[in-house]
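Encoded as structure tokens, the structure appears first; notes follow it.
All of the numbers you see were taken from the coordinates with simple rules; none came from a lab. Model, not experiment: these values are computed from the prediction. Please note: Cβ atoms are built from the backbone with ideal geometry, for glycine as well, and neighbour counts cover all protein chains shown.
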Amino acid sequence: MKHLLFIILLIFSSLFVSGQDPDADYGWWNELHGWESGDPGWRNWMIISPGYLGPNALPVPGVKRGFLRNKTEIELTASNHFHPGDPTQDISGRLYIPFANSKIAVEMYGVIYEHFAFSEEIRNERFARIENGKGNAVGDLYFSTLIQISKDRKFPNTLFRFTAKTASGNMLEGARYTDSPGYFFDLSFSKDLGKKETGVFRPFGLFGFYSWQTNDELNLQNDAFLYAIGADYEKNSWLFSTSWSGYSGYKNERDKPMQLNFEIRKDFKSKAIRIQYLHGLRDWEYKTVKFSFIWKLRPVK
């Protein structure tokens, strides 16, 4: 439990990271974008879309595989997002708690600390108001409810997920987070082929709906079709996984992010490590490496 308390303290302490500097001079921004007194405020210039924000603002949701793990997990992740105009590093946390014999679970996750240093070109394209492009930010918190619909039957493993995105992230002025809520829900499916002794091949897929609030007065919400397909290979305590995932918004403002995901996970008795590589294909132009350390605890009855 001391690890859980540590992560919670980090999350709450990070909420005190300051946002926009009230003493900053934004004359350069006004001149650059032709803003004059009486024009709509600067927030109306921002484009609330994954292609015009930082890597953690509206990311493609993590892919579920149709079933719940049976142990509580506390995960701490260090990520490096490679981008020629927006290199970003962050630390994130995740808390996963299954109960009711692993038929239901709750999950909380988010970026605890983010460091960024974007270029002048990126700054201007995103209408960001941080002149030197450098700073730190706090991410949004996500809360999920997961319900196991079917598992270990002739019908594929089936999992329902509903996730709410808070507006806790700061640095809208740096085009890092949306400063607005959102939500998504999906159904994921998988089927185990083979035996644990010789290795299990597990194809999986996912479809759902993703919605987030924008600043467009005519279309205050962007709605998207959420999808993923992939496969696992699991043997002994090793997991190898690859998948293709994304979502497709309707506003055609770089709101159709698509990526490839690769993962290796090694489980031990009470711990696990995980390495991920995310390769952006469209509207999310980052190449991301993630390293995670996971503590596994006894399941909640």
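State the Kirkwood hydrodynamic radius of segment 201-240 in Å, one decimal place, computed from all pairs of distinct Cα atoms.
12.9
Taking 45 Å as R0, compute the FRET efficiency from the Cβ-Cβ separation of Glu131 and Phe160 and round it to 0.05. Intermediate results must be reported in sequence, preceding the final value.
Working: r = 45 Å, r/R0 = 1.01.
After rounding, the FRET efficiency stands at 0.50.
Please state, to two decimals, what the Cα-based radius of gyration of segment 202-281 comes to when divided by 2.2 N^0.38 Å (N = residues).
Working: Rg = 16.6 Å, N = 80, 2.2 N^0.38 = 11.6 Å.
Normalised Rg, Cα atoms only: 1.43.
Taking other Cβ within 10 Å of each residue's Cβ, how do Met258, Met46 sort, fewest first?
Details: Met258 17, Met46 20.
Result, fewest neighbours first: Met258, Met46.
When the chain is fully extended, how far beyond the present Cα-Cα distance does Asn30 get from Asn219, taking 0.36 nm per residue of separation? Please list the in-between numbers first.
Values: separation 189, 0.36 × 189 = 68.04 nm, distance 2.55 nm.
Contour length minus the Cα-Cα distance gives 65.5 nm.
Have a look at Leu141, Leu159, Leu32 and tell me which one the Gaussian network model of the chain (Cα, springs below 10 Å) gives the largest fluctuation.
Answer for the Gaussian network model of the chain: Leu32.
Dividing the convex hull volume of the alpha carbon atoms of the chain by its residue count, what do you get in Å³ per residue? Mind dumping the intermediate values first?
Working: hull volume 37.3 nm³, N = 301.
For the chain, the hull spanned by Cα atoms encloses 124 Å³ per residue.
Return the distance in nm (one decimal) between the two label points of a simple spin-label model at Ala167 and Phe82, each offset 7 Å from Cα along Cα→Cβ.
Label at Ala167, label at Phe82, 3.7 nm between them.
Sort His33, His83 so that the residue with the fewest other Cβ atoms within 10 Å of its own Cβ comes first and the one with the most comes last. Intermediate values should be presented prior to the final figure.
Numbers: His33 13, His83 19.
Going from sparsest to densest Cβ surroundings: His33, His83.
Could you put Tyr113, Tyr250 in order, starting from the residue whose Cβ has the fewest other Cβ atoms within 10 Å? Could you put the intermediate results ahead of the total?
Numbers: Tyr113 18, Tyr250 13.
Placing the least packed residue first, the sequence is Tyr250, Tyr113.
Kirkwood Rh, Cα Rg: Rg to Rh for segment 147-238?
Values: Rg = 18.3 Å, Rh = 15.9 Å.
Over the Cα atoms of segment 147-238, Rg/Rh equals 1.15.
Within segment 160-200, list the residues whose amide N lies under 13 Å from a label point set 7 Å along Cα→Cβ of Phe209.
Only 162-163, 183-187 pass the distance filter.
Could I get the Rg over Rh figure for segment 42-167? Both from C-alpha atoms, Rh via Kirkwood, rounded to two places.
Working: Rg = 18.0 Å, Rh = 16.7 Å.
That ratio is 1.08, to two decimals.
Which of Val289, Val138, Val111 ends up with the largest GNM mean-square fluctuation for the chain, with Cα atoms connected below 10 Å?
Val289
What is the Å³ per residue value for the convex hull set by the Cα atoms of segment 242-301?
Values: hull volume 6.9 nm³, N = 60.
Looking at segment 242-301, the number lands at 115 Å³ per residue.
Using the Cα centre of segment 82-139 as origin and beta-carbon charges of +1 (Lys, Arg) and -1 (Asp, Glu), tell me which of Ile97, Phe116, His83 is placed farthest towards the positive end of the dipole.
Ile97
When the label point is put 7 Å from the Cα of Trp244 along its Cα-to-beta-carbon vector, which residues of segment 271-290 have a backbone N closer than 13 Å?
Counting only backbone N, you get 281-282.
In percent, what relative contact order does segment 205-301 have, based on Cα pairs under 8 Å that are 6 or more apart in sequence?
On the way: 213 pairs, mean separation 17.1, N = 97.
Dividing the mean separation by the residue count of segment 205-301 yields 18 percent.
Work out the length of the dipole vector of segment 132-257 about its Cα centre, built from +1 on the beta-carbon of each Lys and Arg and -1 on the beta-carbon of each Asp and Glu, and round it to the nearest 20 debye. Numbers along the way, then the final one.
Details: 15 positive and 14 negative charges, 132 e Å.
Dipole about the Cα centre, nearest 20: 640 debye.
Using only alpha carbon pairs under 8 Å that are at least six residues apart, calculate the relative contact order of the chain and give it in whole percent. Spell out each step's value before the answer.
Working: 780 pairs, mean separation 53.9, N = 301.
It comes to 18 percent, rounded to a whole number.
Using a simple charge model, +1 on the beta-carbon of Lys and Arg, -1 on the beta-carbon of Asp and Glu, nothing else, what dipole does the chain show about its Cα centre, in debye to the nearest 20?
Numbers: 37 positive and 34 negative charges, 552 e Å.
Magnitude of the dipole: close to 2640 debye.
Using +1 on the beta carbon of Lys and Arg, -1 on that of Asp and Glu, and nothing else charged, what's the dipole of segment 107-179 about the Cα centre, debye to 20?
Values: 10 positive and 10 negative charges, 105 e Å.
It comes to approximately 500 debye.
Just to compare against my own numbers: the Cα pair-distance distribution for segment 25-96, 5 Å bins, whole % per bin, please.
Bin by bin from 0 Å, the calculated values are 3, 10, 14, 15, 15, 13, 10, 7, 5, 4, 3, 1.
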